[in-house]
Amino acid sequence: MSDRGLLSSKSMFPPVEGVVLNAVCVLSAGDITQKGYEKKRTKLLAPFFIPPPAEPPPQNHLPPPAPASSSTPGHAPSSSDIHTEAVQAALAKHKEEKMALPMPTKRRSTYVPSPVETRTPPDSSSGSDDDGSLRRRSSAGPPPAPPSGLLLPPAPPGAASPQSPDCWINRSVQGSSTSSSASSTLSHGEGRPLPQGLPPPAQAPSTPETLWWSSPRPPTCHTHPTSAPESLCVCVCVHGLLLGVPVNSRVSTKIQQLLNTLKRPKRPELSEFFTDDSEEIVEVPLPDPNTPKPEGRQIIPVKGEPLGVVSNWPPALQAALARWGSTQAKSPALTALDITGKPLYTLTYGKLWSRSVKLAYTLLNKLGPKNEQILKPGDRVALVYPNSDPGMFWVAFYGCLLAEVIPVPIEVPLSRKDAGSSQVGFLLGSCGVGLALTSEICLKGLPKTPTGEILSFKGWPRLKWVVTDSKYLTKPSKDWTPHVPTANTEPAYIEYKASKEGTVMGVAVSKVAMLTHCQALTQACNYCEGETMVNVLDFKKDIGLWHGVLTAVMNRIHTISVPYAVMKACPLSWVQRVHVNKARVALVKCRDLHWAMMAHRDQKDTSLASLRMLIVADGANPWSVSSCDAFLNVFQPNGLKAEVICPCATSPEAMTVAIRRPGVPGTPLPARAILSMGGLSHGVIRVNTEDKNSALTVQDVGHVMPGALMCIVKADGPPLLCKTDEIGEIVINSRAGGTMYYGLPGVTKNTFEVIPVNSSGAPIGEIPFVRSGLLGFVGPGSLIFVVGKNEGLLNVSGRRHNADDLVATALAVEPVKTVYRGRISVFSVTVFYDERIVIVAEQRPDASEEDSFQWMSRVLQAIDSIHQVGLYCLALVPANTLPKTPLGGIHVSDAKQFFLEGNLHPCNILMCPHTCVTNLPKPRQKQPVGVGPASIMVGNLVAGKRIAQASGRDLGMIEDQDLIRKHLYLSEALQWRAQTDPDHVLYVLLNAKGVAVCTATCLQLHKRAEKIAAALMEKGSINTGDNVVLLYPPGIDLIASFYGCLYAGCVPVNVRPPHPQNLGATLPTVRMIIDVSKAACILTTQNLTRILRSKEASASVNIKTWPTIIDTDDLPRRRLPQIYKPPTAEMIAYLDFSVSTTGMLTGVKISHVAVSALCRSIKLQCELYSSRQIAICLDPYCGLGFVLWCLASVYSGHQSILIPPFELETCLSLWLSTLSQYRIRDTFCSYSVMELCTKGLGTQTELLKARGVNLSCVRSCVVVAEERPRLVLTHSFSKLFKDLGLSPRAVSTAFGSRVNLAVCMLTVLLCSLRHDRVRLVERGAPQSLPLMESGKILPGVRVIIVNPETRGPLGDSHLGEIWINSPHNASGYFTIYGEESLQADHFNTKLSFGDPTTLWARTGYLGFVKRTELLDAAGDRHDALFVVGSLDETLELRGLRYHPTDMETSVSRAHRSIAESAVFTWTNLLVVVAELGGSEQDALDLVPLITNVVLEEHHLIVGVVVIVDPGVIPINSRGEKQRMHLRDSFLADQLDPIYVAYNM
């Protein structure tokens, strides 16, 4: 090997820098405090500190190298120095651009309380300069600048020229090891101004009037009609929010910051638009032509030295124990330590032998009743012993070997919720374990039931527990000796192994493999009889078991076992044991090296000169080199020699793969490989020559074990041999390895019976290899290098990243103030066809919000720069809450499971989907519409497709033309009924007890209407055609007042009364409608009159300017001189006002002719006659609810039983009981009523049945709504109440839009929806959406589906706007300024081609028509209408049209704590608001789950997630979400959210 590839031990370690920079890595398990860290750092850096220059250097230069004094010439920094410097340099790059990341908003009460001064106060100023910025300042260096965004352009790929293996190994990168604190400090600047071009936002008003009112928009605003048409232009949005965000909103500042961070391009750039708009195609990343590819020759299997044959090696391990037990009985085998680190007891080989024999005898002869044998050779037995009691474990393990039963060592279960405990149950089940051995003390500590029995752990089989303390063992008879056969291929013991997914499997090790492994370790480590060994590792598995329990007994070694608890109390205890006992070998992990260094100053006189071998169990971890270097640096003065450090590579399946042999003093140390991380991520080996920031320095793990054969094969797919410059999985053929996963033959074959194949696909031989799960390569001199593990591999966008590498980078970002004991977990979750990286760290209890957020944002930047990969999520959880492994590590698979289930309960979270999700479908470009003016029309076919249209049956001619004339005006219809059938009861009003509190016959209603008309003429001085506001609770007074207005020649305007308990929110709407409608007077009750004039009302509105208020409770006895008759039926009958879900208030003019036609259609469709009864549980203030409540009965003569919906709050069963009591066949309700019954009565069906409630009489239960049918709710309702006799076919829906109050009524069908197209799929297909027909189209109604942009008719299978032609279309909008152009646009529109003469009304709803197999009355196939959603509510994102309700359904399904959700967009960001139904600690769990589900199911990235209290999302009386109100409240900072997360 060339000299340039070698470094001497002396030249590697400057005296100070290893200790200083090692402090970063120390955190992985140490007890160092922030104060201690800073003190130590300051002290050690004092001689090397450079004062800041007078003028800051240019920001595009890296920090200057430190002077020569900081490092003697020729001294290369250790790899910890290199990595820390790389992180600091990467972070320094991010200072070049000014960019502030928006900090999450958290309610003050939520989670970990921070010190008062660090909490974020609510903004009171008009845009705090510092808001959302990170205020940590650097003590040295140039003035701080904000970081740039989260991404840097990709680094140029490394040179792809062929490399000889000798070139991979290089000297460490020369450079300064002292990193200035200035370069590692990242600050964020002030908030940025709004971009140019945006109008200056107005100051948000605060008075109720301004909140509810704004001036009308000009007509040019209208590009398409809305579900609540905007022609009235009364907007319920805050005035200043129509054009931009008010500058004093904290939310708006943060959204602007978020937009600024998202302006930077993603990597890789998305391609141009795609043309196929019927399918969303996931972006497949194209292979980068510059990707490095392996270029070496195919690897040749590497052979270890032959396994020597020693004459006195025992035929089996038990034979070795028998030999030492008899010939060296007093020789010490094991010394255990107490909690203080002092020797507790020593077990001699004689005692070990005699106790093991006793246990073997007891197991075989004394466990069953009457000494029956219940264990037979080959049975599996669990060993459950704590880490602090190695003696009991040794006796149990060797006792099992002597009894020829198979021991299965497992961890002691401490509670039912132990991390991975159910998976241990899977292991015990797959191994068929029925018996568990334990000690008396351990048995007492196990969790018990109240009766004293040991708790049954989740997933565990039933176990018989046996105590193995000496007093419970039976001495065997003199003629009994254990059977010690020669080692064979039967299993000797089973070692547990946890997979990446958390599954725990048992690796069976045969007797011959156990013996051969001990022989190979003895030869490789040159063990001698009688040596002393210190073991800090877990003695139940892996190296702690193989060296410290098995090989130790074979070679009569004295093992000193140092438990984990001792290490926590006294970190230096193992070093002291080496010193006191002159130990020759020590078994440690990097963690133990760190802890010893931390406590080093407490012990100056310890000597490690006796050590000939320091075996580093996790030496295969790529970052272990820094720990080894730093430990050597600190303990070299104490006699530690560089050549004794022996890293090794192991896996449960292949056991020991390679180990560095102890070196000879004076020989040069093996060199390091300095590799390009970019190359590693593509699976190739490249020397890092360009960017030292992305270099990985790895040390070798020695040579292959004696007697073994090793290959490198591809980690995924067939076991293809790798090339010499390619990273692959190490596979081993050896007699000393695991033989199978016990009880799992399928998985065994893929791991233990691998035959590598060459490039042509031919197997290289017949001998099977075992997959080790380690990833690495073979270096010069057949040295083995390991760069990661399969289970820690994260495959992101075709590149592979090692979880340990990411942990090391995160630890290098000064985590002392933030991360608790360096506890960081890295894993990947599969979201939207790719793996996404998640980092979860434990937060120190004293960490401030700001420090935490700063650390998180810097970790994002460091990982992005060094690893060129974006993080999906970074979360901080409270200290000690990540699931732990028994020895204090992090149980990664359980942490991942908690994350996916929403049980992690983070206290801080940062989602970065915009950075890392680069495989979204390409944005859609609007395609030319298939049906257009150039299309050829033949009959009803357009361009080969049927025009999407449907119609109800003809209204036909009613036999008695006189009846039509009488019913042309409702006022005349009522008079006619009062004369012909005066005592017929039209209305019955029920109270909460189901009692009829008021009824109205035809005559009573007529007379009361006359009195009200007289009062109007007398008190109100009303002129014909004046508007009169009706302000009533649901009841008969409202109906009488309506007809009173018609009798007086006035136009009634029905308004929902203000809520007495919430006047501040509801009274301004009433005032607004009164003002907009120019009402001449108000008809109301005495109670409401008092409220309108009350002091409470004056706080919300000006009560002095009300129009004339007439109290109809006290009416004059005068008769009306004459009843008004309109001169023409085209005159206005009433105005229909309502606020739409988009926050627009609209008033629609309904003429007498439209009222008459509508009532006639309903009468025909629902078969309503004088003898019929219907029950109505609807709000009677607008739309179809008002028509059914007030108009239909007078026209058709049927009896209406009125149930005010608010009465259900007092008595939930009122509606259902009424249906049963009156034997109602037809009933109308709203979704809110149905939801109340479903949620409130779902568990009470048996009780209702006992009360005699029977719904078998109900023929149709129609839900009245202006939205897509809520299929889930109607199905739930039908299922719940089918036990009460409700027919599953009874529930149906009605759809009415504002311009046409009723289109259709009745049910059935499922289909799936894509963008502006309709494709049918099988029920339950992925990504499918079940839809229900919106009912049967009313008689006289024609429906056509139209492209809202081109106004041309669409073919079948297209989604478009529903247009209506019918006699009962509304006359137009009620407008203040008479803008007739809007009326024509929405109410008298013509198709752009096809049928240019018919006048249509635009509904503002999207839907489609589907011809079904059903036949209508005339024998034709039935055309079903499906309403998909309001056009005005759709979200246009990425060129696609999304319906909020679909996303909300997905979000509500994401976690059990989400009670309700709503979505809207703001500045092209998707905002999701979720109501938290659980405890506040669940709030931050929802952020990643919501982001995941929207990305998976809708291919959209959520910009902002807002978690709020239940009831915050505003819902109108019809049960519809008021998303625009919600948006305005959010932007005006009025939601008081629990948490607001801004996704990067």
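A few comments on the model shown:
- Among (1) open to solvent by 10 Å² or more (accessible area, probe 1.4 Å); (2) in contact with a strand residue (DSSP E or B) (Cβ under 9 Å, 6 or more places away or on another chain); (3) more than 28 Å from V778 (Cβ to Cβ), the one test that V566 misses: (1)
- Index of the failed condition, G679 passing every other in (1) within 30 Å of R584 (Cβ to Cβ); (2) of a type outside the set (D, E, K, R); (3) open to solvent by less than 10 Å² (accessible area, probe 1.4 Å): (1)
- Scanning the stretch 288-299 for residues that are touching a Ser or Thr at 6+ places or on another chain (Cβ under 9 Å) and exposed (fewer than 14 other Cβ atoms within 10 Å of the Cβ) yields a single hit, R297.
- A552 under 30 Å from W313 (Cβ atoms), in contact (Cβ under 8 Å) with a residue 24 or more places away in the chain, open to solvent by less than 10 Å² (accessible area, probe 1.4 Å) and outside any loop (DSSP other than H, G, I, E, B): yes
- I1074 being within 21 Å of L986 (Cα to Cα), part of a helix (DSSP H, G or I) and open to solvent by less than 10 Å² (accessible area, probe 1.4 Å): no
- If the condition is being open to solvent by 10 Å² or more (accessible area, probe 1.4 Å) and under 22 Å from the mean Cα position of the chain (by Cα), then the stretch 1514-1544 contributes only P1537.
- Candidate set: the stretch 620-655, residues that are closer than 24 Å to H594 by Cβ and of a type in the set (D, E, K, R); chosen: the one least open to solvent (accessible area, probe 1.4 Å): D629
- Check on H517, part of a helix (DSSP H, G or I) and over 30 Å from G378 (Cα atoms): no
- Comparison of P461, P485, P447 shows that the only residue that is open to solvent by less than 30 Å² (accessible area, probe 1.4 Å) and free of Cβ contacts under 8 Å to residues at least 40 places away in the same chain is P447.
- Restricting attention to the stretch 868-909 and to residues that are assigned to a helix (DSSP H, G or I) and open to solvent by 10 Å² or more (accessible area, probe 1.4 Å), the residue that is nearest to I837 (Cα to Cα) turns out to be K896.
- Pair list, Cβ < 6 Å and 6+ apart or interchain, from the stretch 1083-1104 residues that are within 18 Å of I1039 (Cα to Cα) to residues that are part of a helix (DSSP H, G or I): L1083/S1041
- Scanning the stretch 799-848 for residues that are closer than 15 Å to G788 by Cβ and β-branched (V, I, T) yields V807, T809, V826, I837.
- Of the residues examined, V1487 is one that is under 22 Å from Q257 (Cβ atoms) and part of a helix (DSSP H, G or I).
- Yes/no for R591 being under 18 Å from G619 (Cα atoms), outside any strand (DSSP E or B), open to solvent by 10 Å² or more (accessible area, probe 1.4 Å) and among the basic types (K, R): yes
- Residue in the stretch 741-755 that is nearest to P652 (Cα to Cα), counting only those that are over 34 Å from the mean Cα position of the chain (by Cα) and assigned to a loop (DSSP other than H, G, I, E, B): Y742
- For T1449, the requirement of being polar (S, T, N, Q), assigned to a helix (DSSP H, G or I) and surrounded by fewer than 23 Cβ atoms within 10 Å (Cβ to Cβ) is met.
- Test result for E1246, of a type outside the set (A, V, I, L, M, F, W, C), open to solvent by 20 Å² or more (accessible area, probe 1.4 Å) and outside any loop (DSSP other than H, G, I, E, B): yes
- Identity of the residue in the stretch 1452-1496, acidic (D, E) and more than 20 Å from V838 (Cα to Cα), that ends up least open to solvent (accessible area, probe 1.4 Å): E1475
- For the stretch 1169-1197, the set of residues classified as outside any helix (DSSP H, G or I) and without any contact (Cβ under 8 Å) to a residue 60 or more places away in the chain consists of Y1169, S1171, R1172, Q1173, I1174, A1175, I1176, C1177, listed by residue number.
- Criterion (under 20 Å from A973 (Cβ atoms), at pLDDT 90 or above and not β-branched (V, I, T)) met by exactly one of F1206, F1186: F1186
- Residue list for the stretch 1249-1272, restricted to those being surrounded by 20 or more Cβ atoms within 10 Å (Cβ to Cβ) and assigned to a helix (DSSP H, G or I): none
- The residues on offer are A658, A609, and the sole one that is farther than 26 Å from Q88 by Cα, among the aliphatic types (A, V, I, L, M), open to solvent by 30 Å² or more (accessible area, probe 1.4 Å) and in contact with a Gly (Cβ under 7 Å, 6 or more places away or on another chain) is A609.
Yes/no matrix, rows are residues, columns are (1) over 22 Å from L521 (Cβ atoms); (2) of a type outside the set (S, T, Y):
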residue	(1), (2)
P287	yes, yes
P294	yes, yes
K303	no, yes
S311	no, no
P332	no, yes
T340	yes, no
Y349	no, no
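- For the stretch 598-605, the criterion of being within 19 Å of D542 (Cα to Cα) and either touching a residue at least 40 places away in the same chain (Cβ under 8 Å) or not hydrophobic (A, V, I, L, M, F, W, C) (or both) is met by no residue.
- Selected residue (criterion: farthest from C646 (Cα to Cα)) from residues of the stretch 509-536 that are small (G, A, S) and surrounded by fewer than 24 Cβ atoms within 10 Å (Cβ to Cβ): S510
- Considered as a group, the residues in the stretch 562-607 that are among the small types (G, A, S) and in contact with a Pro (Cβ under 7 Å, 6 or more places away or on another chain) include one that is modelled with the lowest pLDDT, and that residue is A599.
- Boolean, G792 is open to solvent by 30 Å² or more (accessible area, probe 1.4 Å) and modelled with pLDDT under 90: no
- Here the helices (runs of 4 or more DSSP H) wholly within the stretch 366-470 that include at least 2 residues being closer than 26 Å to L882 by Cα and either within 42 Å of the chain's Cα centre (by Cα) or modelled with pLDDT under 90 (or both) are 421-431, 440-445.
- For the condition open to solvent by less than 40 Å² (accessible area, probe 1.4 Å), touching a Leu at 6+ places or on another chain (Cβ under 7 Å) and at pLDDT 90 or above, A992 qualifies.
The values are calculated or read from the model by the stated rules, or taken from the named source; none is laboratory data. Every value quoted in this text rests on a predicted model; they were computed, and no experiment measured them. Here Cβ is always computed from backbone atoms with ideal geometry, including for glycine, and neighbour counts include all displayed protein chains. Just the protein is used for accessible areas: all its heavy atoms, side chains included, with ligands, DNA and RNA removed. Shrake-Rupley method; radii C 1.70, N 1.55, O 1.52, S 1.80 Å.
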